[in-house]
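To start, the structure itself, in structure tokens.
The values are calculated or read from the model by the stated rules, or taken from the named source; none is laboratory data. Computed from a predicted model, the values in this text were never measured in an experiment. Positions of Cβ are backbone-derived with ideal geometry, glycine not excepted, and every protein chain shown enters the neighbour counts.
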Amino acid sequence: MKAETVLSYGVGFLAIAGIGGSIFFMLRGGANESSAYFPTITNLHVIPGAIYLALAPLQFSANVRYKFHSYHRWAGRLLAIVAIVSGASILFLGVIIPYSGLPEQLAIGFFGCLFLFSSVRGFIAAQEKQIDTHREWILNQTPALGIS
């Protein structure tokens with residue numbers, strides 16, 4: 001089996017697990033007291049985050065990018081919006097009202113900002129038809145998402 005195929009299955013599994021976690025989180029009512037005190041901010045992170053996890057893995061498929069180019073562009077625009085909404089809300093939750101204190105603030109602050117910056121730069125590069133630059137920024141965005 002090719003390494004790319006194994007990676008695709010791994011990313012798909014993680015996306016499904018993330019979506020399942022989002023659904024469980026919404027049904028359970030939150031992970032900590034911050035969820036209860038700031039339900040709108042929490043929902044602004046969880047719901048767009050689930051949308052992001054559902055659509056983002058398809059963006060890395062060469063078949064989707066080339067055979068369904070209009071879908072790739074439409075989904076990319078939607079992903080840019082949900083990334084900014086979800087990223088900004090997690091910065092509030094993780095930096096302003098952290099659950100775990102300073103370590104959480106530092107990690108979420110750094111990687112959350114990296115995620116947002118990479119999202120915006122990737123979107124701008126795509127709009128300017130700088131496809132190689134776009135690809136680099138989006139590939140930088142992905143590990144920041146996983147770490148934060």
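Taken as a whole, the condition of being surrounded by 18 or more Cβ atoms within 10 Å (Cβ to Cβ) and not charged (D, E, K, R) applies to L116. Does the range 125-133 contain any residue that is aliphatic (A, V, I, L, M) and in contact (Cβ under 8 Å) with a residue 60 or more places away in the chain? No, the range 125-133 contains no residue that is aliphatic (A, V, I, L, M) and in contact (Cβ under 8 Å) with a residue 60 or more places away in the chain. For beta carbons closer than 9 Å, sequence separation of 6+ or different chains, a first residue in the range 42-59 that is closer than 13 Å to H72 by Cα and a second that is of a type in the set (S, T, Y), the qualifying pairs are A56/T142; P57/S8; L58/Y71. Applying the set (1) more than 20 Å from R135 (Cβ to Cβ); (2) in contact with a Gly (Cβ under 8 Å, 6 or more places away or on another chain) to S89 leaves exactly one unmet item: (2). Can you find even one residue in the range 57-69 that is of a type in the set (D, E, K, R), at pLDDT below 90 and either surrounded by fewer than 17 Cβ atoms within 10 Å (Cβ to Cβ) or at positive phi (or both)? Taking every residue of the range 57-69 in turn, none turns out to be of a type in the set (D, E, K, R), at pLDDT below 90 and either surrounded by fewer than 17 Cβ atoms within 10 Å (Cβ to Cβ) or at positive phi (or both).
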